Amino acid sequence: MKRIAAIFTLLLAMMNLSCQSQKADAENPLLTTWTTPYGVPPFDQIELKHYMPAFEQAMAAHAAEIEAITASTEEPTFENTILKFDESGQLLERVSLVFGMLSAADTNPEMQQIEAEVMPLLASHSDHIMLNEALFERIKGVYDKRSTLKLNAEQRRLLDKTYNEFVRSGALLEGEARERLKAINEELSAVSVKYGQNILAENNAYTLVLEGKDLDGIPNSVREQAREKAVSMELTGKYVFTLHKPSLIPFLTYSANRSLREQIYKAYLSRCNNDNEFDNKALINDFIRLRIEKAKLLGFKSYAEYVIANEMAGSTKAVYALLNEIWTPAVERANEEIEAMRPLFEADHPGEKFQPWDWWYYAEKVRKRDYALDEEMLRPYFSLENVRGGIFFLANRLYGVTFRPISVPVYHEEVTAYEVLDQDQSHIGVLYFDYHPRDGKGQGAWCGNYVEQTYRDGERVAPVVAIVCNFTRPTSSTPALLTVDETETLFHEFGHAMHFLLHDVKYRGLSEVEGDFVELPSQIMENWAFHPELLKNYAIHYRTNEVIPQHIINKLKRSELFNQGFMTTELVAAALSDLDIHAMEEYTSFNPMDFEHYALYEKRGMNPEIEPRYHYPYFSHIFDGGYSAGYYFYIWAEVLDKDAFAAFAESGDYFNREIAARFRKLLESGGSKDGMTLYREFRGQDPDKKAMLLGRGLIEEEVEEPEEGSEASEVDEEVTAEPVKQAEVKIDNNGWF
């Protein structure tokens, strides 16, 4: 009777709310049915004033859906409990996806204020559901009799994942522990918002304003970018460099002015570590204090243990084993790279010490010397339009999908959109591209959903996906010409997009895969980026229309292990520093920079000439980006992606449609099966680390010497390089990690 009364009260309140806001709701595009082409968000209608009312109504609607489940007097079943829970909250998901994506890609102070207000509300709303005793009682009721239910494999997995999600969210806690967990989650949400907003502010606050006389060594294309940035800031006759990668990295690579390289690099490294209003060190303490307490409440020794228990790796021990296996040979390789640069450095700066801001500059000199290759030679072949054409060609070659430009609402004038069509011309989804830096956009590159694939009334709801980047801008005289790294990044993010677009999952709760599996679909695409056959399709000189010549392809092939010691060391350093800080079992106030320095340089002997890829104050991935205790995901998934790509190599056809069809099935499956099962179904065996270690040059492949005079012994001089010394690495595939 009390429950019926509660429902009546709630419904009455909802009716009153509905009557009071009916007119406003009718005008709120986030709450009404979207009539846009392909079901994309009506960006042209959404205004800042719409967000808070939309969140409030969507949370109320979600709460009512949950109340309807718990109010049922029927015995809990898969249909009336698990399925109803899976179907709940779709309006809130819609609003959250749009707001979350735009907060990262196109924010402003007003939107940041809304974010600061709404994120704690969303955390509290989530806790009210995940810690709802009546709801969990019904879910547990179904779970406890699972062996007697006639569920198919997908239904059983949804039941298991739903139950596990509630347990990991604290559903088994009672009394004060439950209330404390709610408070922790709300506080973590607020800390996360502040941390991310501080980084954006620091990124935008710094500019290096130079005169023409300061640009010694800077190529014309980079100068033009800096000049146009200055013009946009009304600094006529000046050149402006920023902390955005398309500006920072070329400056570090080419500027002959060592003091200026030091200045801009130190500004990059010191973001949110300047003891000002945007300093993140205290917030990092808050993150770790709260995360340790949360882990202990949930029965784990550390936050890292809590996170990894739900991933493919299963334990921090397994992750450390993989990272440590790579660390030593990577550091040794980096030392060899330093020695290769040292003569060039000492010729310029006799008696001085090689510093981290010298790396890009002298590495580029070594590349020119040893491989007759430089970034400026390559850029004209990697115009943004051509690289995009290359990824479209690859997707068509592998999966038969095509991309058609469409006119739909966009959130910024620079954004473009494509309809994605299957082999039979049926609609798969929509893909947005947002390529270039701007003040309202976070750093880096990412891919996400505005609309997630699901099923509604038996019909597939097509996803709406966006790739967001910070690539080199076009100038008044040239199109956007990408670096090798930017080219690889676009292939990477496109892999995520294909994963989201090809999803064909029945239940919303089975959409997501394990964190250390999620980078497999993205990283495998990188393997094709510079494959000779694909290069000849898309790497076309923007001015002459010349296909990239074979001698440049040969140089790219020769240089594929160039600078791998540096890149592997900075990557593994970031993964280790993430794991170390989240493996803490007790909290005492600490200086994050001292902790990081000890863990990497004193404890593990990291090369002093290398900085980790991210310092804690701006390590957004692990503090406000969903990769806490999970930056190792990239390396773990690299074992998978290199082994998966080896399947194509072993077939003798790098575009093998039969193998691609098996991989597409893996992409379509989402999280309907665990990652290892999906991988084994694709590959027919466990993943082998050898391909990853070979790909990073950490072991040598054993090659039989051809007999003298044989055809195989007559190697094209153009593709022959001096052998690179490689450290010995023991390959232990026990447990495959």
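Can you find even one residue in segment 585-592 that is within 20 Å of Tyr320 (Cα to Cα), open to solvent by 10 Å² or more (accessible area, probe 1.4 Å) and in a helix (DSSP H, G or I)? Within segment 585-592, not a single residue is within 20 Å of Tyr320 (Cα to Cα), open to solvent by 10 Å² or more (accessible area, probe 1.4 Å) and in a helix (DSSP H, G or I). The condition of being outside any helix (DSSP H, G or I) and among the acidic types (Asp, Glu) holds for only one of Glu325, Glu352, Glu339, that being Glu352. Can you name every residue in segment 226-235 that is open to solvent by 50 Å² or more (accessible area, probe 1.4 Å), in a helix (DSSP H, G or I) and not charged (D, E, K, R)? Val231, Ser232, listed by residue number. Residue pairs whose Cβ atoms lie under 6 Å apart, sitting 6 or more positions apart in sequence or on different chains, and linking a residue in segment 28-55 that is over 20 Å from Pro463 (Cβ atoms) to a partner that is among the acidic types (Asp, Glu), are Leu31/Asp25; Leu48/Glu110.
Considered as a group, the residues in segment 498-528 that are more than 18 Å from Leu640 (Cα to Cα) and of a type in the set (Gly, Ala, Ser) include one that is surrounded by the fewest Cβ atoms within 10 Å (Cβ to Cβ), and that residue is Ser511.
The residues of segment 54-70 that are of a type in the set (Asp, Glu) and crowded, with 17+ Cβ neighbours inside 10 Å, listed by number, are Glu65, Glu67.
Would you please name the residue that is farthest from Gln113 (Cα to Cα), looking only at residues in segment 71-95 that are of a type in the set (Ser, Thr, Tyr) and surrounded by 19 or more Cβ atoms within 10 Å (Cβ to Cβ)? That would be Thr81. Criterion applied to Lys213, Lys301 was being surrounded by fewer than 22 Cβ atoms within 10 Å (Cβ to Cβ), on the phi < 0 side of the Ramachandran plot and in a loop (DSSP other than H, G, I, E, B), and the one residue passing it is Lys301. If you filter segment 142-187 down to residues that are in contact with a helix residue (DSSP H, G or I) (Cβ under 7 Å, 6 or more places away or on another chain), part of a helix (DSSP H, G or I) and among the hydroxyl-bearing types (Ser, Thr, Tyr), you find that the one that is farthest from Gly671 (Cα to Cα) is Tyr143.
Whether any residue in segment 111-131 is in a loop (DSSP other than H, G, I, E, B), touching a residue at least 40 places away in the same chain (Cβ under 8 Å) and polar (S, T, N, Q) is what I want to check. Walk me through how you get there before you give the answer.
Taking segment 111-131 as the starting set, the residues that turn out to be in a loop (DSSP other than H, G, I, E, B) are 131.
Going one step further and asking which of them are touching a residue at least 40 places away in the same chain (Cβ under 8 Å), we end up with 131.
With the extra rule that they be polar (S, T, N, Q), the set shrinks to none.
There is no residue in segment 111-131 that is in a loop (DSSP other than H, G, I, E, B), touching a residue at least 40 places away in the same chain (Cβ under 8 Å) and polar (S, T, N, Q).
Is one or more of the residues making up segment 418-441 in contact with a helix residue (DSSP H, G or I) (Cβ under 9 Å, 6 or more places away or on another chain), open to solvent by less than 20 Å² (accessible area, probe 1.4 Å) and without any contact (Cβ under 8 Å) to a residue 40 or more places away in the chain? No, every residue in segment 418-441 fails to be in contact with a helix residue (DSSP H, G or I) (Cβ under 9 Å, 6 or more places away or on another chain), open to solvent by less than 20 Å² (accessible area, probe 1.4 Å) and without any contact (Cβ under 8 Å) to a residue 40 or more places away in the chain.
Annotation note: of Tyr51, Tyr38, the sole residue that is part of a helix (DSSP H, G or I), modelled with pLDDT of 95 or more, open to solvent by less than 50 Å² (accessible area, probe 1.4 Å) and under 30 Å from Glu419 (Cβ atoms) is Tyr51. For Lys673, the criteria (1) over 15 Å from Val518 (Cα atoms); (2) assigned to a loop (DSSP other than H, G, I, E, B); (3) open to solvent by 50 Å² or more (accessible area, probe 1.4 Å) hold in every case but one, which is (1).
May I ask you to say which residue of Thr544, Thr568, Thr489 is open to solvent by 10 Å² or more (accessible area, probe 1.4 Å), at pLDDT 95 or above and within 30 Å of Met341 (Cα to Cα)?
Step by step, each of Thr544, Thr568, Thr489 is checked, and only Thr489 is open to solvent by 10 Å² or more (accessible area, probe 1.4 Å), at pLDDT 95 or above and within 30 Å of Met341 (Cα to Cα).
Of the residues making up segment 557-570, those that are out of contact with any Leu (no Cβ under 7 Å at 6 or more places or on another chain) and not aromatic (Phe, Trp, Tyr) are Lys557, Arg558, Glu560, Leu561, Asn563, Gln564, Gly565, Met567, Thr568, Thr569, Glu570. Being over 19 Å from Met52 (Cα atoms) and at pLDDT 95 or above holds for only one residue in Leu121, Leu97, Leu151, and it is Leu151. Only one entry in Glu611, Glu602, Glu638 is closer than 20 Å to Arg683 by Cα, of a type outside the set (Gly, Ala, Ser) and open to solvent by 10 Å² or more (accessible area, probe 1.4 Å), namely Glu638.
Yes or no, residue by residue, for (1) more than 22 Å from Glu187 (Cβ to Cβ); (2) open to solvent by 50 Å² or more (accessible area, probe 1.4 Å); (3) assigned to a loop (DSSP other than H, G, I, E, B):
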{"position": "Cys272", "(1), (2), (3)": "no, no, yes"}
{"position": "Ile288", "(1), (2), (3)": "no, no, no"}
{"position": "Val319", "(1), (2), (3)": "yes, no, no"}
{"position": "Ala330", "(1), (2), (3)": "yes, no, no"}
{"position": "Asp358", "(1), (2), (3)": "yes, no, no"}
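Any idea which of Tyr239, Tyr206 is over 30 Å from Gly671 (Cβ atoms) and over 31 Å from the mean Cα position of the chain (by Cα)? Step through it out loud before you land on a result.
Working: Tyr206 fails: over 31 Å from the mean Cα position of the chain (by Cα).
Sole residue among the options that is over 30 Å from Gly671 (Cβ atoms) and over 31 Å from the mean Cα position of the chain (by Cα): Tyr239.
Take the conditions under 25 Å from Ala462 (Cα atoms), outside any helix (DSSP H, G or I), at pLDDT 95 or above and not β-branched (Val, Ile, Thr) and apply them to Asp86. Does it pass? No, not satisfied. Pairing each residue of segment 591-614 that is within 15 Å of Asn335 (Cα to Cα) with any residue that is in a helix (DSSP H, G or I) and open to solvent by 50 Å² or more (accessible area, probe 1.4 Å), provided the two are 6+ apart or on different chains, yields C-beta distances under 7 Å for Asn607/Asn335.
In segment 614-635, the qualifying residues are those that are closer than 23 Å to Lys301 by Cα and assigned to a helix (DSSP H, G or I), and the one that is most open to solvent (accessible area, probe 1.4 Å) is His621.
Checked against the criteria, Leu215 does not count as of a type in the set (A, V, I, L, M), over 29 Å from Asp86 (Cβ atoms) and touching a residue at least 60 places away in the same chain (Cβ under 8 Å). Looking across segment 249-266, the residues that are surrounded by fewer than 19 Cβ atoms within 10 Å (Cβ to Cβ) and either in contact with a Pro (Cβ under 7 Å, 6 or more places away or on another chain) or of a type in the set (A, V, I, L, M, F, W, C) (or both) come down to Ile249, Ala256. Would you mention how many residues in segment 650-670 are in contact (Cβ under 8 Å) with a residue 60 or more places away in the chain and in a loop (DSSP other than H, G, I, E, B)? Number of matching residues: 4. Picking from residues in segment 474-518 that are of a type in the set (Asp, Glu) and outside any helix (DSSP H, G or I), the one that is nearest to the chain's Cα centre (by Cα) is Asp516.
Residues that are part of a loop (DSSP other than H, G, I, E, B) and closer than 16 Å to Ser169 by Cβ were ranked within segment 304-317; the one that is most open to solvent (accessible area, probe 1.4 Å) is Asn310.
The values are calculated or read from the model by the stated rules, or taken from the named source; none is laboratory data. Treat the numbers as computed from the prediction; the structure is a model and nothing was measured. Quick reminder, even Gly has a Cβ in these numbers, built from the backbone with ideal geometry, and neighbours come from all protein chains shown. Calculation scope for accessible area: heavy atoms of the full protein, side chains included, ligands and nucleic acids excluded. Shrake-Rupley method; radii C 1.70, N 1.55, O 1.52, S 1.80 Å.
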